[in-house]
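Asks: The following block contains the structure, expressed as structure tokens.
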Amino acid sequence: MSPKSRGRRRDQRRPTDRRRAQRRAATSSERGDQTAAFVSQVLQAAAQLTTLTSPLEAEAFASSVAGAWWQQSGHAAYGPTLVARAQQAATPEAAALLHGLAAVAEPGLDAAARAALDDVAKHDLPAPAWATTVGRAQVRECFTVDDELGDASQVILTYSYADEPAHAVVVLVDHNLGGIAKDIWVTDAAPLVERVRATVVEDPGLLLADADPAALRPLLADAMAATDQAVEPPVSDNFPQLRALLLARVRALPDGGTRPDVPPWSEQDQHDLVAEFVSSPEAAALAEEADVRSEALEAIALELVAYGCEHDRGRPLRVSATKLEVFLLGWLPMTGLLDRGFASHMPAVLPAWVRFAARRTSLSAEALAETLTAAETFAPQFVEAYDDPDRWGPARVAVESMLADIDPERDDADEVFARRMFALPEIPGPDFDADDESSFLTVTEREHPEHAAVLSDPAADPVVDGVNVRLQAATHAAVARQLWFDDPPEVWTTAQRLLDAGYDRHDVLHALMYVLTTQIQQTVAAGAPADPDAYRAALDALPESWEKTFAHKAGD
């Protein structure tokens, strides 16, 4: 369609806008069809609810319905639509479904289900046998089962309804995966508790403890929130089906519980623990047995400590086979935090750290042996895994691309990274090409969104408030390129000097841009080649020369 014919039809949108609108309408229609199909299936299946006699089974059914849309994007309408359709249907099975959702659905949806029930009650429908007790289980005894290595906790909550045998809701919390709730199951309480007590007696590495229901409320709420926030969490098949039931039970636990304190570890505390390890008998023995550089010893220990403080609830000295596997084959390759030059020392350093940590935490001989076996297995695998791009996270991929051209034997990776991160406002994407000057311009222009309209339109007047913003962007890109390649090195030296003097990044860049612009203007005016000595002298004159010039302009 030509521009003229589009105008005659009074459609002022661009073709791309119209296509987007059509796609949104199509997507909305597809979601509406999916929601309608889901609601119809659930209402048909709800006939099962009228045959049940157990309130627990009814809660589990309603929980499985809610689990069908957990972590599904674009399914926010499922619950409200289901409640509205059940209210409209006003059948015994629809009423039974509303009873179940009122008991276990998330806040807001449960209230909507109760309001719909009040309306459905006008039809004088027969209530299911469990209607008066559903959602009213009373919490009884609660326990936690922890293993010596601290990998996971089982939380056992026992409940009873009136005239019903007690049942247990069991939650597995995985501390190696950020404290997520990983599994949920429901079973008869009496035989479960009996089995657990017998298992703990036989296994000295397990600890069974009574738990205060109020204390379990924040613990389980945090574990469930961690699962919800995780990307594709490795939960059991039961988890989605019983998630809503557990959350309803957690909300019904007594108030007053407090979250356990996470031990504070300052940066100095972490360095002190590393120093203790370096001077420990375990490290001394390592120095005699293997040729390990002291820098590698400290660097590896620091990553182990930092990981434990930040991702293991402030427990840098906790060691276990699973924790080491996650750290060595997951976390470190994903993040790339360890200097690549130290990776080859991991097989020698890690067993020493395990022995040191085991001594400090009084780990049993059996647990130490198990963890050492894991260390001796995973550490050699780590050396290869650390350079496997398939294990890298997006941030590491970007950082590695920034440092791809450096020589590890000659260049300080940390210094290069700091300089290049200062040069650009963001970690460049995969399309960034440092050999293409336009790439610097593209990235630095994004630092000036207020000038985006002018910079993107070659026909626009480039002067804004007396400043040629197109020239300013080009100068910014040129300074960024100098910093990226450290050419001349005096530019970065000057930037560091100004930063140390208290200037922020914005002002430092503008001071450097001022010097570069001035030097170019003087060179052009003189019709002579660029003078590197004059450039270095102008950099040395910062910040006074820049401040004096702009103070003078402000006075004008």
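The values are calculated or read from the model by the stated rules, or taken from the named source; none is laboratory data. Predicted model only: the values in this text are computed from it and were never measured. So basically every Cβ, Gly included, is an ideal-geometry build from the backbone, and we count neighbours across all protein chains shown. These accessible areas exclude ligands, DNA and RNA; they are computed on the full protein's heavy atoms, side chains included. Shrake-Rupley method; radii C 1.70, N 1.55, O 1.52, S 1.80 Å.
Asks: Which residue pairs have Cβ atoms closer than 8 Å, lie 6 or more positions apart in sequence or on different chains, and pair a first residue in region 200-219 that is without any contact (Cβ under 8 Å) to a residue 60 or more places away in the chain and assigned to a helix (DSSP H, G or I) with a second residue that is crowded, with 17+ Cβ neighbours inside 10 Å and among the β-branched types (Val, Ile, Thr)?
Replies: VAL200/VAL145; ARG217/VAL250
Asks: Would you call ARG340 over 20 Å from the mean Cα position of the chain (by Cα) and touching a residue at least 24 places away in the same chain (Cβ under 8 Å)? Spell out how you get there, then give the answer.
Replies: Working: over 20 Å from the mean Cα position of the chain (by Cα): yes; touching a residue at least 24 places away in the same chain (Cβ under 8 Å): yes.
Yes; evaluated as a whole, the condition is true for this residue.
Asks: What number of residues in region 268-305 are open to solvent by less than 20 Å² (accessible area, probe 1.4 Å) and either in a loop (DSSP other than H, G, I, E, B) or closer than 24 Å to ASN176 by Cβ (or both)?
Replies: 8
Asks: For region 35-64, give me the residue count where each residue is β-branched (Val, Ile, Thr) and open to solvent by 30 Å² or more (accessible area, probe 1.4 Å).
Replies: 3
Asks: So, in region 137-155, of the ones that are assigned to a loop (DSSP other than H, G, I, E, B) and either in contact with a Leu (Cβ under 7 Å, 6 or more places away or on another chain) or farther than 21 Å from THR51 by Cβ (or both), which residue ends up most open to solvent (accessible area, probe 1.4 Å)?
Replies: The residue in question is GLU148.
Asks: When region 221-236 is examined, which residues are found to be closer than 16 Å to GLN72 by Cβ and either open to solvent by 40 Å² or more (accessible area, probe 1.4 Å) or part of a helix (DSSP H, G or I) (or both)?
Replies: Scanning region 221-236 gives THR227, ASP228, GLN229, VAL231, GLU232.
Asks: Now for a separate question. Among the residues of region 396-406, which ones are within 21 Å of the chain's Cα centre (by Cα) and open to solvent by less than 50 Å² (accessible area, probe 1.4 Å)?
Replies: Within region 396-406, ARG396, ALA398, VAL399, GLU400 meet the criteria.
Asks: Take GLY393 and tell me if it is at pLDDT below 80, surrounded by fewer than 19 Cβ atoms within 10 Å (Cβ to Cβ) and small (Gly, Ala, Ser).
Replies: Values: at pLDDT below 80: no; surrounded by fewer than 19 Cβ atoms within 10 Å (Cβ to Cβ): yes; small (Gly, Ala, Ser): yes.
Spelling it out, it is not the case that GLY393 is at pLDDT below 80, surrounded by fewer than 19 Cβ atoms within 10 Å (Cβ to Cβ) and small (Gly, Ala, Ser).
Asks: Another question about this same structure. Before we move on, is ARG470 closer than 17 Å to LEU516 by Cβ, outside any loop (DSSP other than H, G, I, E, B), open to solvent by 50 Å² or more (accessible area, probe 1.4 Å) and in contact with an Asp or Glu (Cβ under 7 Å, 6 or more places away or on another chain)?
Replies: In short, no.
Asks: Next question. Would you mind finding the one in THR493, THR444 that is β-branched (Val, Ile, Thr), open to solvent by 70 Å² or more (accessible area, probe 1.4 Å) and within 24 Å of MET402 (Cβ to Cβ)?
Replies: On inspection, the qualifying residue turns out to be THR493.
Asks: Could you pull out the residue among ARG481, ARG536 that is open to solvent by 70 Å² or more (accessible area, probe 1.4 Å), at pLDDT 85 or above and either within 21 Å of ARG420 (Cβ to Cβ) or in a loop (DSSP other than H, G, I, E, B) (or both)?
Replies: Details: ARG536 fails: either within 21 Å of ARG420 (Cβ to Cβ) or in a loop (DSSP other than H, G, I, E, B) (or both).
Of ARG481, ARG536, the one residue that is open to solvent by 70 Å² or more (accessible area, probe 1.4 Å), at pLDDT 85 or above and either within 21 Å of ARG420 (Cβ to Cβ) or in a loop (DSSP other than H, G, I, E, B) (or both) is ARG481.
Asks: One residue is enough: does region 448-466 have a residue meeting the conditions in contact (Cβ under 8 Å) with a residue 60 or more places away in the chain and under 37 Å from the mean Cα position of the chain (by Cα)? Even if it seems obvious, please write down each step before you answer.
Replies: Filtering region 448-466 down to residues in contact (Cβ under 8 Å) with a residue 60 or more places away in the chain leaves none.
No, there is no match, as no residue in region 448-466 is in contact (Cβ under 8 Å) with a residue 60 or more places away in the chain and under 37 Å from the mean Cα position of the chain (by Cα).
Asks: Considering only region 53-122, give the helices (runs of 4 or more DSSP H) lying wholly within it that have at least 1 residues that are under 20 Å from ARG251 (Cβ atoms) and touching an Asp or Glu at 6+ places or on another chain (Cβ under 9 Å).
Replies: Counting at least 1 such residues, we get 55-67, 78-89, 92-104.
Asks: Looking at (1) more than 27 Å from SER364 (Cβ to Cβ); (2) under 32 Å from the mean Cα position of the chain (by Cα), can you tell me which one ALA162 breaks?
Replies: Exception for ALA162: condition (2).
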